[in-house]
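Notes to accompany the following structure.
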Amino acid sequence: MEVDKGKGEAEETRKVAEADRDTVTLKSSDGKLFEVSKEAAARLSTVLAGMIAGGSIDDNGTDLKQIGSEALENVVDYCNKHANSIPSAALISSSISFNTAPFKEPEEWERKFVDRLSHDALFDLVEAANFLGMERLLDVTCHKISEMMKGKSPDQIREVFNIKNDYTKEELEEIRQELAWAFYDD
Amino acid sequence: MTSHRSVTCGSIIPDDILVFQILVLLPLKCLVRFQSVCKSWRATILSSRFARRHMELNKNTSSSIFLLPRKYQKDLIRVGIRGVHIYRFQPGHSKVAELILERNFANGIPIFSNPLQCDGLILIPCATGRVFVCNPATREFVELPPGCQNHNMVLDSRAALGFDPRSGMYKVARPFLRSYGVTQTNGGGKVTYCSIGYETLTLGCGKEAWKWKVTMDPPYPIMSRSPICLPGFFYWGAVKSMTDHDNDKVGSSDVILRYSLWDETFTVHDNLPCRGTLSINDALCELGGKLCYVHSASPLEVSIWLAEEGPNFAWSLCCCVSLPIPRHHRVLACPSANKDKIFLSIDAFYLLKCDLRDGSFEVIINMAQDLVYDDRKGVKFTSGALPFAHYMVPYVESLLRIRPF
């Protein structure tokens, strides 16, 4: 797909701008282009940081063939929000005080960010975050999914995750009986 | 990280992310329930790798301990105990211990000795060699299969329970008495002999592994005392030599046997610091990943010694405690959520919380007089004047599976 951006701009201007552009352009599997803060991308994604440092960022849009446009939009949105949010002061201090904690609780804006997503969008975002080596986004999305799973029955879980029940009726009954206590809230 | 899609489950999230970034965040009860989602989820949730990761992430910050009260009885063989009752108790916060798990047996069980805890599994060794393992968090309660029979029903047999990092499995091990007797020497003296074997069993594995396997004989007779269980190794007190054939003096010299779960061999180590024997008033236990020796030289004092795991233990004296009441038998130790503090129970009924840094302590409760056991179904009791041992082990929740599946 052709790139719209920069088209018509004078060649010199473009070259000058390139050196200190503070954004990078990413291209989704279905050819859509997104601009993201270079600083945030490098800080939040190990894969993008590597590409930026290695000079393999294409100004006309770096191909990310594994990521669909909806997921990439969310990734970019997350990076840009992160760039604008009170940077890491809160994150840094929490990472010190909760050094041994397995997971740093999402911040308010991160919570809001994932709360508005559908299951499918959330699942795609997990894959994108994983692919791009975005540890924090992966944590936040995985945390959201686990929160979503908590009150669900095994039937609902199968539905959400598209899992086939491979137990026989008898096997299932046996397990249910063995674990009956866990099926009641106390 | 791989990004292949799950084949077995059809989920769109890569398996390793689903399992190790999402499922591990769920509460234990939820995961118990989700075993019924599909076979691969069940296998995952019950694997020791997953259970260990889950435990790591949900590190116990609870100030509770488990209590296992048990009646005393003189005759060790008689099946005089109804069963096992496990209570949760929050020392210092409450005087009530709540029933978590009970298992009663129609014909009763023999008396059990000091239980051991490892990653949420509790091992309960009975006098005649029957061994129970349970997980109060998942409510699994299992009697291990019978192993080699003890010769002449030797009393007060013990067992060890621990994690083997090399195989990733949890194992139980115990000594058994093959034969025992006294012979006369030509000179008229008496020589006692005994032959002791050793067997191990792997938990939560395939059905074919659900049996005891006899391994190397211990080089010296193992004593009927609780072992220290650390990852990869069990430490037993053993009798190196007895000098009873002189008739005038009875003495012994003890050693520590270190059993490696990986290569299933014993190595012999010098006995504890400050004396050559493990006296009847001393106890061994695990404390914060270290070997702990609770030495009681007189009824009103204990000293706590610690050593790092390793081929040569360097024991160091951690603190000395002046007991508020005299011990008759021995003082047992149990770690608390605060690494500088431990629980000490004098004769398994008088509970102290002791500061390892200076030996100071606070009295928590006289469990015989003041502790109320509540079965949460309306029945409450206090052991009172009845002779009870109120055994304690650390409160840990885990998904670890005991039975083969």
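The values are calculated or read from the model by the stated rules, or taken from the named source; none is laboratory data. Keep in mind that this is a model prediction, so the values were computed, not measured. Every residue, glycine as well, gets a Cβ built from its backbone with ideal geometry; the counts of neighbours run over all protein chains shown.
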Exercise for review: Scan the stretch B:164-186 and give yes if some residue there is touching a helix residue (DSSP H, G or I) at 6+ places or on another chain (Cβ under 9 Å) and either within 14 Å of chain A (Cβ to nearest Cβ) or not in a strand (DSSP E or B) (or both), otherwise no.
Suggested key: yes
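With of a type in the set (Gly, Ala, Ser), surrounded by fewer than 21 Cβ atoms within 10 Å (Cβ to Cβ) and within 19 Å of B:LEU201 (Cα to Cα) as the only criterion, which of B:GLY108, B:GLY168 stands out? Please lay out each step first, then the result.
On the way: B:GLY108 fails: within 19 Å of B:LEU201 (Cα to Cα).
That would be B:GLY168, the only listed residue that is of a type in the set (Gly, Ala, Ser), surrounded by fewer than 21 Cβ atoms within 10 Å (Cβ to Cβ) and within 19 Å of B:LEU201 (Cα to Cα).
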Revision key, fill the gap. Within the stretch B:30-43, the residues that are surrounded by 20 or more Cβ atoms within 10 Å (Cβ to Cβ), at the interface with chain A (Cβ under 7 Å from one of its Cβ atoms) and not aliphatic (A, V, I, L, M) are B:ARG33, B:PHE34, B:GLN35, B:SER36, B:CYS38
Exercise for review: Find the residue count for the stretch A:166-177, including only residues that are more than 9 Å from chain B (Cβ to nearest Cβ) and not in a loop (DSSP other than H, G, I, E, B).
Suggested key: 5
Exercise for review: Please state which one of B:LEU23, B:LEU67 is without any contact (Cβ under 8 Å) to a residue 60 or more places away in the chain and buried (at least 19 other Cβ atoms within 10 Å of the Cβ).
Suggested key: B:LEU23
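One line per residue, one yes/no per condition, for (1) under 22 Å from B:PHE388 (Cβ atoms); (2) at pLDDT 95 or above; (3) outside the structural domain of B:ILE222 (by TED's automatic domain parsing):
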| site | (1), (2), (3) |
| --- | --- |
| B:SER113 | yes, no, no |
| B:LEU116 | yes, yes, no |
| B:PRO125 | yes, no, no |
| B:GLY129 | no, no, no |
| B:CYS134 | yes, yes, no |
| B:VAL142 | no, yes, no |
| B:PRO145 | no, no, no |
| B:CYS148 | no, no, no |
| B:ASN152 | no, no, no |
Exercise for review: Please name all residue pairs, on different chains or six or more residues apart, with Cβ atoms under 7 Å, provided the first residue is in the stretch B:313-326 and is surrounded by 13 or more Cβ atoms within 10 Å (Cβ to Cβ) and the second residue is among the small types (Gly, Ala, Ser).
Suggested key: B:PHE313/B:ALA307; B:TRP315/B:ALA307; B:LEU317/B:SER303; B:CYS319/B:GLY359; B:CYS320/B:SER303; B:CYS320/B:GLY359; B:VAL321/B:GLY359
Exercise for review: Would you confirm whether any residue within the stretch B:92-100 is buried (at least 17 other Cβ atoms within 10 Å of the Cβ) and out of contact with any Lys or Arg (no Cβ under 9 Å at 6 or more places or on another chain)?
Suggested key: no
Review point. Hey, does the stretch B:55-63 have a residue that's surrounded by 22 or more Cβ atoms within 10 Å (Cβ to Cβ), touching a residue at least 12 places away in the same chain (Cβ under 8 Å), under 26 Å from B:ILE86 (Cβ atoms) and more than 9 Å from chain A (Cβ to nearest Cβ)?
Key: no
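Name the single residue that is modelled with the lowest pLDDT among those in the stretch A:136-165 being more than 22 Å from the chain's Cα centre (by Cα), within 30 Å of A:GLU107 (Cα to Cα) and in a loop (DSSP other than H, G, I, E, B). Even if it seems obvious, please write down each step before you answer.
Just the residues of the stretch A:136-165 that are more than 22 Å from the chain's Cα centre (by Cα), to begin with: A:151-156, A:158-159, A:163-165.
Of the ones still in play, those that are also within 30 Å of A:GLU107 (Cα to Cα) are A:151-154, A:156, A:158-159.
The next check asks that each one be in a loop (DSSP other than H, G, I, E, B); those that pass are A:151-153.
Values: A:GLY151: 87, A:LYS152: 93, A:SER153: 93.
Among those residues, the one meeting the criterion is A:GLY151.
I want to confirm something. Restricting to the stretch A:30-88 and keeping residues that are assigned to a helix (DSSP H, G or I) and among the β-branched types (Val, Ile, Thr), which single residue is modelled with the lowest pLDDT? Give the steps one after another, and end with the answer.
Step one: list which residues in the stretch A:30-88 are assigned to a helix (DSSP H, G or I), which gives A:38-44, A:46-53, A:69-84.
Then keep just the ones that are among the β-branched types (Val, Ile, Thr); that gives A:46-47, A:52, A:75-76.
Numbers: A:THR46: 93, A:VAL47: 93, A:ILE52: 90, A:VAL75: 95, A:VAL76: 93.
Taking the candidates together, the pick is A:ILE52.
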Check your understanding: Given the conditions (1) surrounded by 20 or more Cβ atoms within 10 Å (Cβ to Cβ); (2) in contact (Cβ under 8 Å) with a residue 60 or more places away in the chain; (3) under 22 Å from B:PRO91 (Cβ atoms), which single one is not true for B:LEU291?
Key -> (3)
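Residues are listed down the side, and each one gets a yes or a no for (1) closer than 30 Å to B:GLY168 by Cβ; (2) outside the structural domain of B:ARG139 (by TED's automatic domain parsing); (3) in a strand (DSSP E or B):
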site	(1), (2), (3)
B:LYS353	no, no, yes
B:GLY359	no, no, no
B:ILE365	no, no, yes
B:TYR373	no, no, yes
B:ARG376	no, no, no
B:SER383	no, no, no
B:ARG403	yes, yes, no
Revision key, fill the gap. Condition set assigned to a helix (DSSP H, G or I) and within 21 Å of A:LEU179 (Cα to Cα), scope the stretch B:12-29, selection farthest from the other protein chains (Cβ to nearest Cβ): answer is B:VAL19
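Does any residue of the stretch B:342-351 turn out to be of a type in the set (Val, Ile, Thr) and farther than 25 Å from B:TYR235 by Cα? Step through it out loud before you land on a result.
Initial filter on the stretch B:342-351 (of a type in the set (Val, Ile, Thr)): B:342, B:346.
This time we only want the ones that are farther than 25 Å from B:TYR235 by Cα, so: none.
Scanning the stretch B:342-351, I find no residue that is of a type in the set (Val, Ile, Thr) and farther than 25 Å from B:TYR235 by Cα, so the answer is no.
Condition check ((1) more than 10 Å from chain B (Cβ to nearest Cβ); (2) touching a helix residue (DSSP H, G or I) at 6+ places or on another chain (Cβ under 6 Å); (3) on the phi > 0 side of the Ramachandran plot; (4) not aliphatic (A, V, I, L, M)) across all residues:
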site	(1), (2), (3), (4)
A:PHE123	no, no, no, yes
A:VAL126	no, yes, no, no
A:LEU137	yes, yes, no, no
A:VAL140	yes, yes, no, no
A:GLU159	yes, no, no, yes
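Inside the stretch B:102-155, can you point out the residues that are part of a strand (DSSP E or B) and closer than 23 Å to B:SER195 by Cβ? Walk me through how you get there before you give the answer.
Let us first name the residues in the stretch B:102-155 that are part of a strand (DSSP E or B), namely B:102-109, B:112, B:116-118, B:121-126, B:131-135, B:140-143.
Within the stretch B:102-155, B:PRO125, B:CYS126, B:VAL131 meet the criteria.
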Check your understanding: Quick check: is even one residue across the stretch B:353-364 hydroxyl-bearing (Ser, Thr, Tyr) and touching a strand residue (DSSP E or B) at 6+ places or on another chain (Cβ under 6 Å)?
Key -> no
Practice item. Would you mind finding the one in B:ARG258, B:ARG225 that is among the charged types (D, E, K, R), without any contact (Cβ under 8 Å) to a residue 60 or more places away in the chain and closer than 28 Å to B:ILE124 by Cβ? Key: B:ARG258
